[in-house]
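K.L.:
Here it is: the structure, laid out below.
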C-alpha cells in the first residue's frame, strides 16, 4: 500500500511539473528557434519559419508570419530599430512595403518590394494576443557582390615553380556577402582537393574575406599549363576567374636507351631525338664512338663535323628535338653508339642512342621505347604527351562476359535438346495411309461405331518436317526410320498375301462377316450358304456418318 501511494504521488508531481512548464511556455514570448516551430499562448499559436533569407539587392523579400486563433494586431521590427505596424503596411502607409498575395496562415506577413543594404539584418514579427505576445525572428541577408579574385604570386606574367619543391599559391577575395566559393583548375583538371579555404568576417554586417591556399608539387608535365582560381557567388551569373601560366623548371629529363631501326646503308640518315628541359639547355652536343667513355668524336649543336651535322628545334613548353644528319650511312656507323649531352642550370643528362639497319623486333626491346620504333619522321614530339589506353571499361567487359555466357547456355541447351530429340528435334514420320486403312477396316469389322479417325497433321508436325530438312540426322534416327520402312514393307506384303490367300473351309476358327452399307429401297438379305462350319452375322452400321466420311475422303 505504501509503495502504491509513493508511485501515485510521484505521478501527480510529474503531471504538475509538466503543467507548470506548459503554462510557462504560454506565458513567455518566443525568440529564435528551429524552422517551423510554433509559439503558443492560451488560445493562439504563432506560425513562423526561422530559416535565413538570402536575396540580391533589388529582389523582393517575403516576410511571412501567421497566427492560429485570435489576435489583436501585429508589428515587424528591423535590426536597425524601425517598427512597422502590419495594418499600416496593408493600408500603404509605408513606402516600399506591401501586403502579400496570400494571407491564409500568413495574417501578419509583409513584403519588402525591393531589398537594399538597409534591409540587411534581423527581422522580428510580434503578434499581440489576449494577455500576451508571440515573437518570431529570422535573418535577412542582402548580398554584396564580391571583389575580383587575386592570385598572390611574385610575377604577374607567369608562375615559376621548381619540379622538386612544393609551392603554395594563394587566391583571395577581399569582400563578399555571403562568402564566396573558390575552386582551382590546372588546365582542364579540377585540383581543388589540394587547397584549403579560410573565411574571415570583416565587420559585423556579414561581410567576409575569403582566402584559398593551394599546395601542390608541380610536375614537368604541368609546364605550360594554365593555373586558374575560380569563384562563384549568388550575385554572379557566371564564375569570376583569374589565371596565370605555369612554368615548371627542371633539368633535362632522363630517358631509356633509344634505338632507331630500318636505316638504309648509303643513305643520308637524319636522326631526330626528342627530349624535354626547362629552361633551354646551355650545353648541347652529340658524341659517338665504340666506347662512349672515350668517344672518338663529337658535334656541338648547332655545328658540323666531317660527315655529321647537328641542329636543335624548339617545340615550345620545354620540348626540343635534337637532330643529327649522317651523310652516307655505312655498316660501321651502325656499329657505333651515340650520345646526346644536354645541360642547363638545374643539371645534366646523357641520352644514349643506337642505330640499326635491321627491322624492329616484334616482341619489344628492353632498351627501346615504343615511340622510338616509329620512323623518325613520325616520332612523338614530347615524352609528356598524355595518352589514353584503349582498354575497355569494367561495365563493357562485364556486358561481354554476360553475352558470352548466354550464348554458351543457349548452345548447350540446343545440343541437349537435339541429343534427347526434344522439341523441334523430335523425328516426325510421314502418315501411313495403308496402316490407317487397315485400322479403319478392322474397326468396320469389329463394331458399328463408325470409322476410326485418322490423326490430322498438326502445325507441330509441319514445323518438325521443315526443321528436319535443315538438320543433320543422327545415326540412331536413321536406324529408326529404316525400321519404320521395313515394318511398312512387311505389312504391305502380309496384306497382299492375305488378299491372295483362298479361304480354307477346314479352318474351324475363321469367322466370316459381310457388311453392306449401301442404302437401297429394300433391305438386301444375306445369302446363307449351307455350310455347317460357317457362322453368319449381320452387322448394322451408321450409314449416314459413313457416307459423310466417304464424301470427305
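Computed from the coordinates by the stated procedures, all read-outs in this text should not be read as laboratory data. Small disclaimer: the values here were computed from a predicted structure and weren't measured. Cβ coordinates were reconstructed from backbone atoms using ideal geometry, including for glycine residues, and neighbour counts include every protein chain displayed.
K.L.:
Taking a point 7 angstrom from the Cα of residue 339 along the C-beta vector, which residues in region 265-292 have backbone N less than 14 Å away?
P.N.:
Those under the cut-off are 285-292.
K.L.:
If you don't mind, another one. Return the distance in nm (one decimal) between the two label points of a simple spin-label model at residue 158 and residue 420, each offset 7 Å from Cα along Cα→Cβ.
P.N.:
For the pair residue 158/residue 420, the computed spacing is 7.6 nm.
K.L.:
Going by how many other beta carbons lie within 10 Å of each one, how would you line up 50, 119, 217, fewest first?
P.N.:
217, 50, 119
K.L.:
Something else: Taking 7 Å along the Cα-to-C-beta vector as the label spot, tell me the residue 79-residue 226 distance in nanometres, rounded to one decimal.
P.N.:
Computed distance between label sites residue 79 and residue 226 equals 3.9 nm.
K.L.:
I need 215, 177 ordered by Cβ neighbour count within 10 Å, fewest first.
P.N.:
Details: 215 11, 177 24.
With the sparsest Cβ surroundings first, the list reads 215, 177.
K.L.:
Suppose R0 equals 25 Å; then what is the FRET efficiency for residue 217 and residue 181 from their Cβ-Cβ distance, rounded to the nearest 0.05?
P.N.:
Plugging the Cβ-Cβ distance into 1/(1 + (r/R0)^6) gives 0.50.
K.L.:
Using the per-residue mean of other Cβ atoms lying within 10 Å as a proxy for protection, in what order, highest first, do the peptides 323-331, 198-206 fall?
P.N.:
Per-residue mean Cβ counts within 10 Å order the peptides as 323-331, 198-206.
K.L.:
Work out, step by step, the length gained on full extension between residue 103 and residue 396: first 0.36 nm times the residue separation, then minus their alpha carbon distance; give nm to one decimal. Could you put the intermediate results ahead of the total?
P.N.:
Details: separation 293, 0.36 × 293 = 105.48 nm, distance 5.77 nm.
Difference between extended and current length: 99.7 nm.
K.L.:
For region 82-214, calculate the relative contact order in percent as a whole number, restricting contacts to Cα pairs under 8 Å that are 6 or more residues apart.
P.N.:
So the answer I get is 17 percent.
K.L.:
Here is a further query. When 99, 283 are ordered from fewest to most other Cβ atoms inside 10 Å of their Cβ, what list results? Don't skip to the answer; put the middle values down first.
P.N.:
Details: 99 15, 283 11.
The most exposed by this proxy come first: 283, 99.
K.L.:
Arrange the peptides 244-253, 403-412 so that the one whose residues have, on average, the most other Cβ atoms within 10 Å appears first. Provide the component values of the computation, followed by the final result.
P.N.:
Working: 244-253: 19.8, 403-412: 10.0.
Per-residue Cβ counts within 10 Å, averaged per peptide and sorted highest first, yield 244-253, 403-412.
K.L.:
Considering the zone a paramagnetic label at residue 113 would reach in this model (a point 7 Å from Cα along the Cα-to-Cβ line), which residues of region 61-86 have amide N under 14 Å from it?
P.N.:
What the label zone holds, given the 14 Å backbone N cut-off, is 61.
K.L.:
Between residue 403 and residue 90, what is the FRET efficiency for a Förster distance of 60 Å, r being their Cβ-Cβ separation, to the nearest 0.05?
P.N.:
0.25
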